[in-house]
Amino acid sequence: MSESFDVIVIGAGPGGYVCAIRAAQLGMKVACVEKRATLGGTCLNIGCIPSKALLQSSENYEEAAHHFADHGIGVGQLTLDLARMQARKGEVVGANVKGVEFLFKKNKVTWLKGAGRITAPGKVEVEGATYETKNIIIATGSDSAPLKGVEVDEKQIVTSTGALELEKVPGHLVVIGGGVIGLELGSVWRRLGAEVTVIEFLDRLVPGMDGEIAKQFERVLSKQGIKFKLKSKVTGATKGKDGVTLAVEPAAGGTAEEIKADVVLLAIGRRPYVEGLGLDAAGVALDERGRVKVDGHFATNVPGIYAIGDVIAGPMLAHKAEEEGVAVAEILAGQHGHVNYAAIPGVVYTWPEVASVGETEETLKEAGTAYKVGKFPFTANGRARAMGTTDGFVKILADKETDRVLGAHILGPDAGTLIAELVMAIEFGASAEDVARICHAHPSLNEAVKEAALAVDGRALHI
Ligand SMILES: Cc1cc2nc3c(=O)[nH]c(=O)nc-3n(C[C@H](O)[C@H](O)[C@H](O)COP(=O)(O)OP(=O)(O)OC[C@H]3O[C@@H](n4cnc5c(N)ncnc54)[C@H](O)[C@@H]3O)c2cc1C
């Protein structure tokens, strides 16, 4: 028998590595098992961070190509060095994953390199060695969901992982799935010169987000040149030397048509990843969607085994995984770790961005909750005008009786940063009136948040 620990975390994504650090801070002897060559999981290696690096680079390119002239700036002959752009992305990822390694050393978290398998409660096998532990935390994340008839090769038909690595701008990129990942990566390649078509089964984009925002978002992206084929399903893909031919049918059934693509990005969602973990043998129960089943304290049905992050229910977001990692470490230390699922923001990092927290009009109607709406457009915000980016609006939903903020949705410049104020409002149980009475710096984009809060009571000042 090898070394023993208080906690072994399996998976070093944002859920697992943050959990390991917090548990170590609380005085536990901690190991984290990771089979990838670097720490940081999907998020740092093939998710949030590389996609944001390419979003930033492609945004800079688009600004230089199309918007600098509005400011009186000429750049002459613009060139694209995609190899350099990809190398920069690699440098950003490299710095982040090394940062986690440093944090492990600083907090004395042992990295057990290799794939972890639970051989029994309290026992984890890694590369032939068995380690004993009082608690096991499953944080093995997720991978891309497959689609029947569409075989991924990560060259012509790619998941997000391949879409982050393309060596050439595709002539025509077809994205299957109008969710966050498809729209972000579709935006990257459109900005760099690809024709982009998004095929979506539903009649709307970004399912789960506020319907009005989704409609407006679709208009803005269409104006930028992305083509949408909604209420459509891809039923097959044939690869040839000069591209891929997709068979596409109306979602409700009907005559199929063919769409040709140079590259196809399959982005229909992600599924929990538990392969090779030995959950069957350990007796850990999964739910109907293959996610590890946990109670309100992240405990599975097997004593001493917990799970967090993408592998359990809830939004598949890095910050949700992190919060759960902190909460479960605190619970193990006898504290009252807790995650407020009503206050988890979701952001689409396109330009403009989309950010959302709490209830939508659709969920409030479904629950029969009476609510008020306050909206404010960025066309009426001085800073947005100065920046030359006035698409979108802020929308706040508040309880009709109590005025408490129940949800907030922003389509607009830096929406992902602006939403933080409204996440805090929900966390603190603030009313729209509370937000409206806060002094906001002028001229700032945040003033649109204040104005939307004023608009809840019909008293916006600048519209
Ligand atoms: C392209 C893309 C963009 C994204 N952008 C964002 C974003 O902007 N914001 C956001 O919040 N979220 C984003 N996400 C989602 C985010 O990456 C995930 O929600 C997050 O990584 C989940 O964290 P996790 O710790 O649960 O799992 P993961 O990050 O998936 O980490 C799990 C780790 O476990 C390891 N592992 C699995 N099984 C074993 C085993 N048996 N033994 C050892 N190791 C194992 C895996 O190698 C992996 O490193 C994005 C995802 C993608 C794909």
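One table, with the values for the structure above:
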item: Accessible area of the range 342-454 belonging to carbon and sulfur atoms, whole % at 1.4 Å probe; result: 52 percent
item: The range 235-291: trypsin sites (Lys or Arg not before Pro) falling in loop per DSSP and having at most 12 other Cβ within 10 Å; result: LYS241, ARG289
item: Å² per residue, accessible surface of the range 155-267 at 1.4 Å; result: 41 Å²
item: Mean projection area, nm², convex hull over Cα of the range 155-267; result: 6.7 nm²
item: Accessible-area order (highest first, 1.4 angstrom probe) of the listed residues ASP6, ASP81, ASP153; result: ASP81, ASP153, ASP6
item: Difference of contour (0.36 nm per residue) and Cα-Cα distance, GLU91 to HIS319; result: 79.8 nm
item: Solvent-accessible area of SER356 with every protein chain in place, 1.4 Å probe, in Å² to the nearest 10; result: 20 Å²
item: Straight-distance crosslink candidates among aspartates and glutamates, where the alpha carbon sits under 19 Å from LYS233 and sequence neighbours closer than 8 are dropped; result: GLU151, GLU200, ASP203, GLU218, GLU249, GLU257, GLU258, ASP262
item: With all protein chains modelled, accessible area of VAL311 [1.4 Å, Å²]; result: 0 Å²
item: Accessible surface of the range 155-267, 1.4 Å probe, proportion on carbon and sulfur as whole %; result: 52 percent
item: Under 5 Å, built H, 5+ apart or other chain: amide partners of GLY141; result: TYR273, ASP310, VAL311
item: Karplus (6.51, -1.76, 1.60) ³J(HN,Hα), θ = phi - 60°, over the range 416-421, in Hz, Gly and Pro reported as x; result: x, 7, 4, 5, 4, 4
item: Average silhouette area of the range 284-417, convex hull of alpha-carbon atoms, in square nanometres; result: 10.6 nm²
item: Kirkwood Rh (inverse of mean 1/r, distinct Cα pairs), the range 342-454, angstrom; result: 13.7 Å
item: Net charge, VAL328 excluded, C-beta distance under 12 Å - Lys, Arg +1, Asp, Glu -1; result: -4
item: Under 10 Å, Cβ to Cβ, from LEU26 - net charge with Lys/Arg +1 and Asp/Glu -1; result: -1
item: Exposure ranking of MET28, MET387 by accessible area [1.4 Å probe, largest first]; result: MET387, MET28
item: Accessible-area ranking of PHE228, PHE428, PHE68, largest first, probe 1.4 Å; result: PHE428, PHE68, PHE228
item: Other-chain or far-sequence residues with amide H under 5 Å of PHE228's (modelled H); result: VAL198
item: Label-point gap, in nm, between ALA69 and HIS336 - each point 7 angstrom along Cα→Cβ; result: 6.1 nm
item: Fully extended contour minus Cα-Cα distance, from GLU427 to VAL373, at 0.36 nm per residue; result: 17.5 nm
item: Ratio Rg/Rh [Cα only; Rh per Kirkwood] for the range 89-191; result: 1.09
item: Hull volume in cubic angstrom per residue (convex hull over the Cα atoms of the chain); result: 169 Å³
item: Heavy atoms of THR133 accessible to a 1.4 Å probe, total area in Å² rounded to 10; result: 10 Å²
item: Table column - 3J(HN,Hα) (Hz), the range 237-252, Karplus curve with 6.51, -1.76, 1.60, x for Gly and Pro; result: 9, 10, 8, x, 5, 10, x, 10, 10, 9, 9, 10, 10, x, 4, 7
item: Net dipole in debye of the chain [+1 Lys, Arg Cβ; -1 Asp, Glu Cβ; about Cα centre; nearest 20]; result: 540 debye
item: Diffusion coefficient, µm² s⁻¹, Stokes-Einstein with Kirkwood Rh over alpha-carbon pairs of the range 1-107 at 20 °C and 1.002 mPa s; result: 132 µm²/s
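The values are calculated or read from the model by the stated rules, or taken from the named source; none is laboratory data. From a predicted model like this one, the values you see are computed outputs, not experimental measurements. Ideal geometry is used to build each Cβ from the backbone, glycine not excepted, and the neighbour counts take in all protein chains shown. These accessible areas exclude ligands, DNA and RNA; they are computed on the full protein's heavy atoms, side chains included. Shrake-Rupley method; radii C 1.70, N 1.55, O 1.52, S 1.80 Å.
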